[in-house]
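Participant: I am attaching a structure below and will ask some questions about it afterwards.
The values are calculated or read from the model by the stated rules, or taken from the named source; none is laboratory data. On a predicted model such as this, the values are computed, not experimentally measured, just so you know. Glycine gets a Cβ as well: all are built from the backbone with ideal geometry, and neighbour counts include every protein chain shown. Just so you know, the surface numbers come from the protein's heavy atoms only, side chains and all, with ligands and any DNA or RNA stripped out. Shrake-Rupley method; radii C 1.70, N 1.55, O 1.52, S 1.80 Å.
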Amino acid sequence: MNTFYVTTPIYYVNDVPHIGHAYTTIAADVLARYHRQLGDDVFFLTGTDEHGNPAAQAARKKGITPQEYVDGMVGKFRALAERVNATNDFFIRTTDPEHRQAVQNFIQQLYDKGDIYLKSYEGLYCAACEAFYAEKDLMDGKCPDHGTAPELIKENNYFFRLSSYQERLIEHYENHPDFIYPATRFNEARSFVMQGLEDISISRATLEWGIPIPWDKSQVVYVWVDALLNYISALAYARRENLVPRFWPADYHLMAKDILKFHAVIWPALLMAAGYELPRHLFIHGYLLMGGQKMSKTRGNVLDPFTIMDKYGVDAFRFYCFREVNFGQDGVVSMDGFESRYNTELANELGNLLSRTAAMIGKYADGRVPAPPAQTREFAEGVQKLGIGVARAMSLAELTAALEKIWQFVRSLNKYIEDSAPWKMASEESRRSELDQVLYNLAEGLRICAILLNPFIPEAAAEILRRLGLRASPEDMRMEKAEWGITEPGANVAFGDPLFPKLD
Ligand code: MSP
């Protein structure tokens, strides 16, 4: 059996969960669900990054301990994952005692091996990024991501010999052109490595809120090292058994470009140092923008996913995420854009396809899927091609491309109704078998749409199968069932409420 391990970044708890967090979580969920439909052994990980300066500062402002603060915040992120119907197999918190222990073991191993050493260091530090910046990477002396001026910090820190992994990293990039998608991000990361790497500080002396360095308790582990290790630590304690041999290396780490360098340079070097294989792929998606800027709490321009889902449902939101913005590129989201896609595509194109099909089967065939006089070669071939195209796009995590192919099929079924005009056939007894053929084709086409759409809009997909009088078990949703001609005639088709009701 194939395994498939997919992750999201672990989110900082000091932010409010917004559409950007939901986006990556849903993307990972789409891949996880798709691979389960393939019959793979899947592990899907998400969680929260709870140590570091911003959380400690926020706690201080509220007059509570950092632990109390993060305990109070984590619920919002868990709730977001649940609300978007994420089927994560585990939710890691970096304050989990097992994770803390795993981080200490990991860096002790690197220290013992000589990959970590003590050095005095001075640098420009952005507390919001938890990262040092070189002067040249600032914009007008300010952090390019947060627009705030970094502080000059001087302290004794433990350093990781990142520079000594440069050659091996370059070699890895040379040999694995599929290490990072899309290709532009691969090139960006590779040229960064080629420019030369300096050793990095992996401890902080000025912070108390973190994981103590095991051999020097006056320092804590740099929050990024702590955070990156979640991808491996979780596997060791998520269930009672050690899942590392089963699921590592990860198939996909998903994230936006803000954290590319950490994942494309530091993470692989840490893994190499400890003797682990590297993840197979990183997929770097773009930013969802509102009014032309990346959403963030600091800027206050966030689109609240909960409001949208409360009004329109989870599936509509999931669908919008990958329809509106090409996965891998930046794109603007807005309430207007959302509503227009909801009405034209979900309500009109998919919703009406189902209601018209159900209504016609009700009216012209006593509510039962009729037996087709023959199997239609053109549909069988088209669906086979569609399946291959979707599989290819999904294997590259090209979610928008996959969804677009499926949507072309939805549209072609609507056109098929218009072109064949079953209502005319129904008025001529001599055209009965033609009519049966059309009705069968529509039911069968919709069943296949439901299977292919299931990773994206799982509630609606199951509902489509039930309306067609079919079961919607995991077996019935298997990708291999997205093949023409499986539906047995006779299923009882139900005409229900609109799948996506039109709202003002
Ligand atoms: N804690 C770190 C990640 C550690 S992973 C080992 C962190 N957290 S974060 O809360 O800032 O999350 C950043 C991630 O959230 C992005 O990489 C992306 O996955 C998601 N997004 C946050 N805002 C987003 C947009 N506006 N648009 C798209 N994705 C967004 O960085």
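Participant: I need the full set of residues from the stretch 447-493 which are closer than 17 Å to Lys385 by Cα and either touching a Ser or Thr at 6+ places or on another chain (Cβ under 9 Å) or in a helix (DSSP H, G or I) (or both), in order please.
Facilitator: Arg447, Ile448, Cys449, Ala450, Ile451, Leu452, Leu453, Met479, Glu480, Lys481, Trp484, Gly485, listed by residue number.
Participant: Continuing with this model, one more query. Of all residues in the stretch 451-467, which are of a type in the set (A, V, I, L, M, F, W, C) and either over 19 Å from Pro370 (Cβ atoms) or not assigned by TED's automatic domain parsing to the domain that holds Leu353 (or both)?
Facilitator: Correct list: Ile451, Leu452, Leu453, Phe456, Ile457, Ala460, Ala461, Ala462.
Participant: Would you point out the residue of the stretch 266-289, among those that are touching a Phe, Trp or Tyr at 6+ places or on another chain (Cβ under 9 Å) and in a strand (DSSP E or B), that is nearest to the ligand (Cβ to nearest atom)?
Facilitator: Leu288
Participant: Let me ask you something else. Check the stretch 385-407 and report whether any residue there is more than 23 Å from the chain's Cα centre (by Cα) and polar (S, T, N, Q).
Facilitator: No; the residues of the stretch 385-407 include none that is more than 23 Å from the chain's Cα centre (by Cα) and polar (S, T, N, Q).
Participant: Please verify whether Leu152 is surrounded by fewer than 15 Cβ atoms within 10 Å (Cβ to Cβ), without any contact (Cβ under 8 Å) to a residue 60 or more places away in the chain, of a type in the set (A, V, I, L, M, F, W, C) and more than 12 Å from Val265 (Cβ to Cβ), treating the condition exactly as stated.
Facilitator: yes
Participant: Go through the stretch 59-94 and report how many residues are buried (at least 17 other Cβ atoms within 10 Å of the Cβ) and over 23 Å from the mean Cα position of the chain (by Cα).
Facilitator: 4
Participant: Kindly indicate the residue of the stretch 313-341 that is open to solvent by 40 Å² or more (accessible area, probe 1.4 Å) and in a helix (DSSP H, G or I) and also nearest to Leu260 (Cα to Cα) among those meeting that condition.
Facilitator: Checked the stretch 313-341; the qualifying residue nearest to Leu260 (Cα to Cα) is Glu324.
Participant: May I pose another question? Identify the single condition in (1) within 22 Å of Ala28 (Cα to Cα); (2) assigned by TED's automatic domain parsing to the domain that holds Ala460 that Gly328 does not satisfy, given that it satisfies every other one.
Facilitator: Condition (2) is where Gly328 drops out.
Participant: Considering the stretch 26-41 alone, what residues qualify as being open to solvent by less than 10 Å² (accessible area, probe 1.4 Å) and either small (Gly, Ala, Ser) or within 10 Å of the ligand (Cβ to nearest atom) (or both)?
Facilitator: Ala27, Ala28, Ala32
Participant: Do we find a residue being away from the ligand (no atom under 15 Å from the Cβ), at pLDDT below 95, touching an Asp or Glu at 6+ places or on another chain (Cβ under 9 Å) and open to solvent by less than 40 Å² (accessible area, probe 1.4 Å) anywhere in the stretch 204-215?
Facilitator: Scanning the stretch 204-215 turns up at least one residue that is away from the ligand (no atom under 15 Å from the Cβ), at pLDDT below 95, touching an Asp or Glu at 6+ places or on another chain (Cβ under 9 Å) and open to solvent by less than 40 Å² (accessible area, probe 1.4 Å).
Participant: For the stretch 222-280, which residues satisfy the criterion of being surrounded by fewer than 20 Cβ atoms within 10 Å (Cβ to Cβ) and either touching a Lys or Arg at 6+ places or on another chain (Cβ under 7 Å) or among the basic types (Lys, Arg) (or both)?
Facilitator: Arg239, Arg240, Arg246, Pro249, Lys257, Leu260, Lys261, Met272, Arg280
Participant: Taking the conditions exactly as written (under 30 Å from Asp89 (Cβ atoms), touching a residue at least 24 places away in the same chain (Cβ under 8 Å) and part of a helix (DSSP H, G or I)), does Trp209 satisfy them or not?
Facilitator: Criteria not met by Trp209.
Participant: Would you mind finding the one in Thr344, Thr357, Thr376 that is of a type in the set (Val, Ile, Thr) and surrounded by fewer than 17 Cβ atoms within 10 Å (Cβ to Cβ)?
Facilitator: Thr344
Participant: Out of all the residues in the stretch 1-25, which are under 21 Å from Asp41 (Cα atoms), more than 7 Å from the ligand (Cβ to nearest atom) and not in a helix (DSSP H, G or I)?
Facilitator: Met1, Asn2, Thr3, Phe4, Tyr5, Val6, Thr7
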